[in-house]
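*Asks:* One structure, pasted below without further comment.
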Amino acid sequence: AATRRFRFNVEWKSVTRLCHTKPLLTVNGQYPGPTIAVHEGDSVEIKVTNSISSNTTLHWHGIRQLRTGWADGPAYITQCPIRAGQTYTYRFQVIDQRGTLWWHSHIFWQRASVNGALIIYPRMPYPFKQPIHAEVPIIFGEWWNSDVDEVEKEMMLSGAGPNVSDAFTINGLPGPLYACSAKDTFIQPVSRGKTYLLRIINAGLNNEMFFAVANHTLTVVEVDATYTKPYATRAIMITPGQTTSVLLTADQIPDSSGMFAMSLGPYVTAPIFPFDNSTAVGFLNYKNKRGEKMSPPLSSTVPLGALLHNLPDVLDTQFATRFCTSLRSLATSKYPCNVPQTIDRRVVSTVGLQLQDCPANRTCTGYDGKRFFSSMNNQSFIRPSTAILQSYYYNRKESGYTTDFSEKPPADFDFTGVDPFKENMNTVFGSKILSVPHGTNLEMVFQNTNFLHVENHPIHLHGHNFFVVGQGFGNFDAKKHPKAYNLVDPPERNTVAVPSGGWAAIRFKADNPGAWFIHCHLEEHTTWGLATAFIVQNGPLPSQSLLPPPRDLPKC
Ligand code: C2O
């Protein structure tokens, strides 16, 4: 194992898409940002310099950070932000993890453009048989003509849903269905008969996505950096925060263009609010017999509509559900599935939108003259002004967090009710979190409140992977549902799509000491408070304690 060192400079760069030029927040001027590629077991050091006038932090999404929570990155949870002109070096080791992860800013809405792939090459050979000709990181994103921080501010002021993105992007490129964008099209050259490993990341802020490649089958082999049983599908559904690695064999006979379209479109469960209902397009480009690339198509010459036929309809919940519930852990002796068979504690929490009365002398356009918030068990999370992890470590009170997160939903709440208005209104604001002893086998059930539901809530845990042992529609029933859990080979993830109008149950052993954020990876929902955190206390052994903070940890 080696030590891999990277230098990241957070800086503005002028970028043009859709004929619209604007300053874009980047790392090292790149959009998407630089790829971090390391090997399992490596130590990683990323020296981050903040060259902008506002705060920043970076998060290594899915890296477990065993005992090194100081390097996790979410602002005011594990660290105070890196201020203008300051530098902070994130140091961690990649232990017993392999596959596709990613990194992103973890403050404000900076991650819209401050993100990149984080790839961990495995120590052992891949568990799938096909020789891989090439590995291709594919990052889905959103392009916003406006400044995303302005979008966030405006959203909080009006109390309404945020403005929507102007285009979807594949590796930063929208493709020929958008104005002025034929030249900004992602094209992947392929050789006939070869197999490619596509390492797919959804870095978008607010959209769950469908992705497909015309005429080609995608075989899922890994999600969130854990191997799965191979699952062949015509398309994938991927929420913000999730990663999905698929095998693609270039097994088709191309026409003279050599092109097959890849398409990326949104998935919503109800079109109640405005959303970006556009489609990003890229291409596989089969090399000809002499191994040359064929010329890229222009929008006017390619019959795009016909090429998009594998992409599910934007409202295809049936497809999304089948996809999510078909994934299984590999669960072999080399890659065992360590799902807790018994639990020490079950936490049931609603995840959903709330309405709050509009402050006097303001006009709110959220719904019914009110403003939106979101919560877990009617607790809307407010990020403290100093980091929870420091307060916990030094046993100080200044961050104001309390460990009294309510572990049950409000009484008499029927999530399938048609008018959940009353129950939904009594939100408390604060930094209420959980605290559990080291080694607790925890089950968390997330119940989507079904209030103005338009999308799944992709709930993400920091510091731990978990097993998705069950999911369903309607109300979670603690007497009935656990009996049907999959405790043999459930998928292991760090982000789960809690179905709109339904629930999802996860289990994991809380064995990583520190303070860990839990939140919806739809950025608008995190901003509105759909978040909490949990402290995992030190265990009795020295190897079960949080390491001391690094010297250069930023101060608030
Ligand atoms: Cu992808 Cu809290 O992060």
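*Asks:* Working only within region 1-53, note down all residues that are among the small types (Gly, Ala, Ser) and surrounded by 20 or more Cβ atoms within 10 Å (Cβ to Cβ). Reasoning before the result, please.
*Replies:* Within region 1-53, the first condition is being among the small types (Gly, Ala, Ser), and the residues that meet it are 1-2, 14, 29, 33, 37, 41, 43, 51, 53.
Once the filter is applied, which keeps residues that are among the small types (Gly, Ala, Ser) and surrounded by 20 or more Cβ atoms within 10 Å (Cβ to Cβ), region 1-53 yields only Gly33.
*Asks:* When you scan region 69-105, how many residues do you find that are of a type outside the set (Phe, Trp, Tyr) and part of a loop (DSSP other than H, G, I, E, B)?
*Replies:* Filtering region 69-105 for residues of a type outside the set (Phe, Trp, Tyr) gives 69, 71-75, 77-87, 89, 91, 93-101, 104-105.
From the residues that got through so far, the ones that are part of a loop (DSSP other than H, G, I, E, B) too are 72-74, 77-78, 80-81, 83-86, 94-98.
Residues that pass the stated criteria total 16.
*Asks:* How about region 31-62: which of its residues are within 13 Å of the ligand (Cβ to nearest atom) and assigned to a strand (DSSP E or B)? So that I can check it myself, show each step before the final result.
*Replies:* Taking region 31-62 as the starting set, the residues that turn out to be within 13 Å of the ligand (Cβ to nearest atom) are 57-62.
Scanning region 31-62 gives Leu58, His59, Trp60, His61.
*Asks:* Can you give me the number of residues within region 505-525 that are in a strand (DSSP E or B), within 22 Å of Tyr401 (Cα to Cα), away from the ligand (no atom under 11 Å from the Cβ) and under 20 Å from the mean Cα position of the chain (by Cα)?
*Replies:* 1
*Asks:* Restricting region 106-132 to residues that are touching a strand residue (DSSP E or B) at 6+ places or on another chain (Cβ under 6 Å) and in a loop (DSSP other than H, G, I, E, B), which is farthest from the ligand (Cβ to nearest atom)?
*Replies:* It comes out as Gln130.
*Asks:* Inside region 143-201, can you point out the residues that are of a type outside the set (S, T, N, Q), under 30 Å from Pro230 (Cβ atoms) and not in a loop (DSSP other than H, G, I, E, B)?
*Replies:* The first filter runs over region 143-201 and keeps only residues of a type outside the set (S, T, N, Q), leaving 143-144, 147-157, 159-162, 164, 166-168, 170, 172-180, 182-184, 186-187, 189-190, 192-194, 196-201.
Next, only the ones that are under 30 Å from Pro230 (Cβ atoms) stay: 168, 170, 172-173, 175, 186-187, 189-190, 192-194, 196-201.
Passing the criteria: Phe168, Ile170, Leu173, Ile187, Pro189, Val190, Tyr196, Leu197, Leu198, Arg199, Ile200, Ile201.
*Asks:* Taking into account only those residues within region 455-501 that are acidic (Asp, Glu) and over 18 Å from Ala320 (Cβ atoms), which is nearest to the ligand (Cβ to nearest atom)? Let's see the steps before the verdict.
*Replies:* Narrowing region 455-501 to residues acidic (Asp, Glu): 455, 477, 489, 492.
Filter again for over 18 Å from Ala320 (Cβ atoms), leaving 477, 489, 492.
Working: Asp477: 30, Asp489: 25, Glu492: 17 Å.
Looking at residues that are acidic (Asp, Glu) and over 18 Å from Ala320 (Cβ atoms), I get Glu492.
*Asks:* I'd like the residue in region 73-105 that is within 14 Å of the ligand (Cβ to nearest atom) and of a type in the set (S, T, N, Q) and, out of all such residues, is farthest from Ile518 (Cα to Cα).
*Replies:* Thr100
Yes/no per residue for (1) closer than 30 Å to Asn361 by Cβ; (2) within 16 Å of the ligand (Cβ to nearest atom); (3) surrounded by fewer than 21 Cβ atoms within 10 Å (Cβ to Cβ):
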| site | (1), (2), (3) |
| --- | --- |
| Trp143 | no, no, no |
| Thr185 | no, no, no |
| Thr233 | no, no, yes |
| Ile238 | no, yes, no |
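*Asks:* Next up: Considering (1) aliphatic (A, V, I, L, M); (2) farther than 23 Å from Gly99 by Cβ; (3) within 16 Å of the ligand (Cβ to nearest atom), say which one Leu541 fails and leave the rest.
*Replies:* Checking Leu541 against (1) aliphatic (A, V, I, L, M); (2) farther than 23 Å from Gly99 by Cβ; (3) within 16 Å of the ligand (Cβ to nearest atom), the one that fails is (3).
*Asks:* Moving on. Filter region 240-264 down to the residues that are modelled with pLDDT of 95 or more and surrounded by fewer than 24 Cβ atoms within 10 Å (Cβ to Cβ) and list them by number.
*Replies:* The answer is Leu247, Leu248, Thr249, Ala250, Asp251.
*Asks:* Which of the numbered conditions does Gln65 fail, given that it passes all the others? Conditions: (1) out of contact with any strand residue (DSSP E or B) (no Cβ under 6 Å at 6 or more places or on another chain); (2) at positive phi; (3) within 16 Å of the ligand (Cβ to nearest atom).
*Replies:* That leaves (1) as the condition not met.
*Asks:* Do you know which of the residues in region 331-360 that are out of contact with any Cys (no Cβ under 9 Å at 6 or more places or on another chain), assigned to a loop (DSSP other than H, G, I, E, B) and hydrophobic (A, V, I, L, M, F, W, C) is nearest to Phe429 (Cα to Cα)?
*Replies:* Here the residue is Ala360.
*Asks:* Among the numbered conditions (1) more than 16 Å from the ligand (Cβ to nearest atom); (2) of a type in the set (A, V, I, L, M, F, W, C); (3) in a strand (DSSP E or B), tell me where Leu546 comes up short.
*Replies:* Condition not satisfied by Leu546: (3).
*Asks:* Now for a different question. Check Ala270 against each of (1) touching a residue at least 60 places away in the same chain (Cβ under 8 Å); (2) over 25 Å from the mean Cα position of the chain (by Cα) and name the one condition it does not meet.
*Replies:* Evaluating Ala270 over (1) touching a residue at least 60 places away in the same chain (Cβ under 8 Å); (2) over 25 Å from the mean Cα position of the chain (by Cα) leaves (2) as the failure.
The values are calculated or read from the model by the stated rules, or taken from the named source; none is laboratory data. A quick note: this is a predicted structure, and the numbers were derived from the prediction, not measured. Heads up, the Cβs are rebuilt from the backbone with ideal geometry, glycines too, and the neighbour counts pull from every protein chain shown.
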